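J.: Shown below is the structure under consideration.
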Amino acid sequence: MQLRELSDIKKFDLKLITFLNRVSLPALRISLGAIFIWFGVLKLFGNSPANDLITKTVYWFNPDVFIPILGIWEAAIGLCLLVPSFIRVGLFLLALQMPGTFLPLVLLPEVCFVSIPFNLTLEGQYIVKNLVLIGAAMAVGGRLTPILNTKKST
């Protein structure tokens, strides 16, 4: 490879990395918000493929009440992630909601695993994918600008 070709590759690489640095976090935040809105709205209208799993997992709540509330909660997470001034609220709501998504792994292992601990059913895969959502939320939160102490001394 000639020096000029190598230089062109380095220039392209720098431009690509610069572009990705500029767009990746907003793309991650928007896609995360869209997923939460989408899944929330499905629950709100009773069309989520997770409704049966939720009903079996959180059997102590009336699913006709609980699932729509969960749908509103998830849609609120998504909307907050789409509005920059509400990202912290969305991440807080997400942090409260996410542990519950793993309950079926403990309460319904026969539904989540073909054989424990690695051979997941489709339901188990649906749950474990939440690790990616948690990682995405951490990336979004990790890039927030800290709230500075703005106390004025008198």
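J.: Among the residues of region 47-62, count how many are outside any loop (DSSP other than H, G, I, E, B) and crowded, with 18+ Cβ neighbours inside 10 Å. Lay out the reasoning, then the answer.
T.: Taking region 47-62 as the starting set, the residues that turn out to be outside any loop (DSSP other than H, G, I, E, B) are 51-57.
Those left that are additionally crowded, with 18+ Cβ neighbours inside 10 Å: 53-54, 57.
The qualifying residues number 3.
J.: Which residue out of Val41, Val23 is within 19 Å of Trp73 (Cβ to Cβ) and at pLDDT 95 or above?
T.: Numbers: Val23 fails: within 19 Å of Trp73 (Cβ to Cβ).
Result: Val41 is the single residue among Val41, Val23 that is within 19 Å of Trp73 (Cβ to Cβ) and at pLDDT 95 or above.
J.: Working carefully through the options Ile54, Ile116, find the one that is modelled with pLDDT of 95 or more and among the hydrophobic types (A, V, I, L, M, F, W, C). Lay out the reasoning, then the answer.
T.: Values: Ile116 fails: modelled with pLDDT of 95 or more.
Among Ile54, Ile116, only Ile54 is modelled with pLDDT of 95 or more and among the hydrophobic types (A, V, I, L, M, F, W, C).
J.: Restricting attention to region 122-145, which residues are outside any helix (DSSP H, G or I) and either touching a residue at least 24 places away in the same chain (Cβ under 8 Å) or touching a Cys at 6+ places or on another chain (Cβ under 6 Å) (or both)?
T.: Arg143, Leu144
J.: Exactly one of these conditions fails for Ser7: (1) among the polar types (S, T, N, Q); (2) in a helix (DSSP H, G or I); (3) closer than 22 Å to Ala136 by Cβ. Give me its number.
T.: (3)
J.: Tell me, yes or no, whether region 2-19 has at least one residue that is within 27 Å of Asn62 (Cα to Cα), free of Cβ contacts under 8 Å to residues at least 24 places away in the same chain and among the small types (Gly, Ala, Ser). Break it down stepwise before answering.
T.: Step one: of region 2-19, the residues within 27 Å of Asn62 (Cα to Cα) are none.
Taking every residue of region 2-19 in turn, none turns out to be within 27 Å of Asn62 (Cα to Cα), free of Cβ contacts under 8 Å to residues at least 24 places away in the same chain and among the small types (Gly, Ala, Ser).
J.: Right, next: If the requirement is being under 14 Å from the mean Cα position of the chain (by Cα) and either part of a helix (DSSP H, G or I) or over 21 Å from Phe45 (Cβ atoms) (or both), which of these qualifies: Leu105, Leu93, Leu70?
T.: Working: Leu105 fails: under 14 Å from the mean Cα position of the chain (by Cα); Leu70 fails: under 14 Å from the mean Cα position of the chain (by Cα).
Every option except Leu93 fails the conditions.
J.: Within region 27-46, take every residue that is assigned to a helix (DSSP H, G or I) and of a type in the set (Phe, Trp, Tyr) and give me the one that is surrounded by the fewest Cβ atoms within 10 Å (Cβ to Cβ).
T.: Going residue by residue through region 27-46, those that are assigned to a helix (DSSP H, G or I) are 27-44.
Going one step further and asking which of them are of a type in the set (Phe, Trp, Tyr), we end up with 36, 38-39.
Numbers: Phe36: 26, Trp38: 13, Phe39: 20.
Per the stated criteria, the residue is Trp38.
J.: So, one more: Can you tell me which residue in region 108-126 is farthest from Thr57 (Cα to Cα), limited to those that are hydrophobic (A, V, I, L, M, F, W, C) and surrounded by 14 or more Cβ atoms within 10 Å (Cβ to Cβ)? Outline the logic, then answer.
T.: Just the residues of region 108-126 that are hydrophobic (A, V, I, L, M, F, W, C), to begin with: 108, 111-114, 116, 118, 120, 122.
The next check asks that each one be surrounded by 14 or more Cβ atoms within 10 Å (Cβ to Cβ); those that pass are 108, 111-113, 120.
Values: Leu108: 7, Val111: 10, Cys112: 11, Phe113: 15, Leu120: 17 Å.
Across region 108-126, the extreme among qualifying residues is Leu120.
J.: For region 74-92, enumerate the residues that are free of Cβ contacts under 8 Å to residues at least 24 places away in the same chain and either among the polar types (S, T, N, Q) or surrounded by 20 or more Cβ atoms within 10 Å (Cβ to Cβ) (or both).
T.: Once the filter is applied, which keeps residues that are free of Cβ contacts under 8 Å to residues at least 24 places away in the same chain and either among the polar types (S, T, N, Q) or surrounded by 20 or more Cβ atoms within 10 Å (Cβ to Cβ) (or both), region 74-92 yields only Ser85.
J.: When the residues of region 126-152 are narrowed to those that are at pLDDT below 95 and polar (S, T, N, Q), which ends up farthest from the chain's Cα centre (by Cα)?
T.: Ranking the candidates gives Thr150 first.
The values are calculated or read from the model by the stated rules, or taken from the named source; none is laboratory data. Since we're looking at a predicted model, the values are computed, not measured. Don't worry about glycine lacking a Cβ; one is built from the backbone with ideal geometry, like all the others, and counts go over all protein chains shown.
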